Amino acid sequence: MNKTVIITGASSGIGAALATAFASKGYNLGLAARRIDKLEALARQLEDTYHVQVAITALDVQQDSQVAPALSRLAQELGQVDIVVANAGVTGVRRSGSGDIAIDKNIFQTNVIGAIATLDAATKIFLAQGHGHLVGMSSFSAFSPLPTSAAYSASKAALTNYMNAMRLELINKKINVTVIHPGFIKTDIAPHMDKYPFVIEADVAAQQMVRAIEINKANVIVPAMPWKAAKGLMKLMPDPLLAMMFNKMMK
Ligand SMILES: NC(=O)c1ccc[n+]([C@@H]2O[C@H](COP(=O)([O-])OP(=O)(O)OC[C@H]3O[C@@H](n4cnc5c(N)ncnc54)[C@H](OP(=O)(O)O)[C@@H]3O)[C@@H](O)[C@H]2O)c1
């Protein structure tokens, strides 16, 4: 029987590219997001091209009580679920001291609470069936926080820590945990992503992510280079230099 993967935030960007990369390897798919029209179009395309089964559901991960029922619906329709990718996420730029924390709240509600609801619902399914693989879409900013994106960076650091704690807790339960830390990937998450340094296409990133999941990496940076080197280098840089570099980059 084909393996099955459920992906949240599958209507665009990395999520849609991951769905395509998994489908090209014969995985059946459960896709969730708010924009159901986009999911319908993607499902049709993947079924026609790769002859895999694709189930879809509308889901707003901020409605955390709706996450577990949505995952159960997909699992039931597909007959099994081997991997769940908590990918849905948003970003937002806010200057500290601007006095309006609505942007930060939205980021935490989606990237942290929405992801936790997804991972928790998936874990319940995996504990019952005795196996499974949890995957979370964190960010390189979990290691190297970005100015004007404090909430985003903090939300991803929270997700990374949360999942690394889950791995320890679930170590004897046959449940794998992979945390993915993308650098800059060309998607619609922020304007002008194509102008960011070392940016790569979503389909290239997705292929690397699928490989990392299949070999059960615990924590992975995508693409590995130059970001692995940058991680070490940035640790050595004094704050004024880091601030200058980021301010130039984010212009
Ligand atoms: N692109 C990058 O450079 C980069 C770098 C590091 C990490 N990431 C992470 O990668 C993940 C995917 O982002 P992306 O770059 O592919 O951006 P994207 O194209 O904007 O995709 C974001 C996805 O998340 C979904 N989503 C957002 N809020 C949601 C909600 N409340 N409920 C359900 N789904 C929701 C969106 O679907 P709907 O709008 O249809 O709901 C969309 O499918 C995010 O977690 C992001 O933080 C991206």
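The values are calculated or read from the model by the stated rules, or taken from the named source; none is laboratory data. Every value quoted in this text rests on a predicted model; they were computed, and no experiment measured them. All Cβ positions, glycine included, derive from the backbone under ideal geometry; neighbour counts span all protein chains shown.
Any idea which residue in the stretch 149-182 is nearest to Val85 (Cα to Cα), counting only those that are more than 14 Å from the ligand (Cβ to nearest atom) and basic (Lys, Arg)?
Arg167
Failed condition for Ala157, given (1) of a type outside the set (Val, Ile, Thr); (2) surrounded by 19 or more Cβ atoms within 10 Å (Cβ to Cβ); (3) without any contact (Cβ under 8 Å) to a residue 60 or more places away in the chain, with all others met?
Looking at each condition in turn, Ala157 falls short on (2).
Please specify each residue of the stretch 15-29 satisfying the condition of being under 11 Å from Val210 (Cα atoms), touching a residue at least 60 places away in the same chain (Cβ under 8 Å) and aliphatic (A, V, I, L, M).
Across the stretch 15-29, the qualifying residues are Ala17, Leu18, Ala21.
What is the one condition in (1) more than 19 Å from Ala158 (Cβ to Cβ); (2) of a type outside the set (A, V, I, L, M); (3) surrounded by fewer than 17 Cβ atoms within 10 Å (Cβ to Cβ) that Lys105 does not satisfy?
The failed condition is (1).
Scanning for something closer than 30 Å to Leu127 by Cβ and either polar (S, T, N, Q) or free of Cβ contacts under 8 Å to residues at least 60 places away in the same chain (or both), does the stretch 221-230 turn up at least one residue? Break it down into steps so the answer makes sense when it comes.
Just the residues of the stretch 221-230 that are closer than 30 Å to Leu127 by Cβ, to begin with: 221-222.
Then drop every residue that is not either polar (S, T, N, Q) or free of Cβ contacts under 8 Å to residues at least 60 places away in the same chain (or both), which leaves 222.
Yes, because at least one residue in the stretch 221-230 is closer than 30 Å to Leu127 by Cβ and either polar (S, T, N, Q) or free of Cβ contacts under 8 Å to residues at least 60 places away in the same chain (or both).
For the stretch 123-148, name all the residues that are within 13 Å of the ligand (Cβ to nearest atom), small (Gly, Ala, Ser) and over 26 Å from Asp100 (Cβ atoms).
Gly136
Applying the selection to the stretch 112-144, what residues are surrounded by fewer than 18 Cβ atoms within 10 Å (Cβ to Cβ) and either touching a Cys at 6+ places or on another chain (Cβ under 9 Å) or not in a helix (DSSP H, G or I) (or both)?
Within the stretch 112-144, Gly130, His131 qualify.
Kindly provide the set of residues from the stretch 211-251 that are of a type in the set (S, T, N, Q) and surrounded by 16 or more Cβ atoms within 10 Å (Cβ to Cβ), ordered by number. Spell out how you get there, then give the answer.
Step one: of the stretch 211-251, the residues of a type in the set (S, T, N, Q) are 216, 219, 247.
Matches in the stretch 211-251: Asn219 only.
Mind telling me which of the residues Leu39, Leu78 ends up being crowded, with 16+ Cβ neighbours inside 10 Å, more than 26 Å from Ala190 (Cβ to Cβ) and out of contact with any Lys or Arg (no Cβ under 8 Å at 6 or more places or on another chain)? Quick ask: steps written out before the conclusion?
Working: Leu39 fails: more than 26 Å from Ala190 (Cβ to Cβ).
From the options Leu39, Leu78, the qualifying one is Leu78.
Please specify each residue of the stretch 171-210 satisfying the condition of being free of Cβ contacts under 8 Å to residues at least 24 places away in the same chain, outside any loop (DSSP other than H, G, I, E, B) and surrounded by 14 or more Cβ atoms within 10 Å (Cβ to Cβ).
Listed by number, the residues that qualify are Lys186, Met193, Ile200, Val204, Gln208.
I'm told Thr148 meets every condition in (1) in a strand (DSSP E or B); (2) at pLDDT below 95 except one. Can you identify the failing condition by its number?
Thr148 satisfies all of (1) in a strand (DSSP E or B); (2) at pLDDT below 95 except (1).
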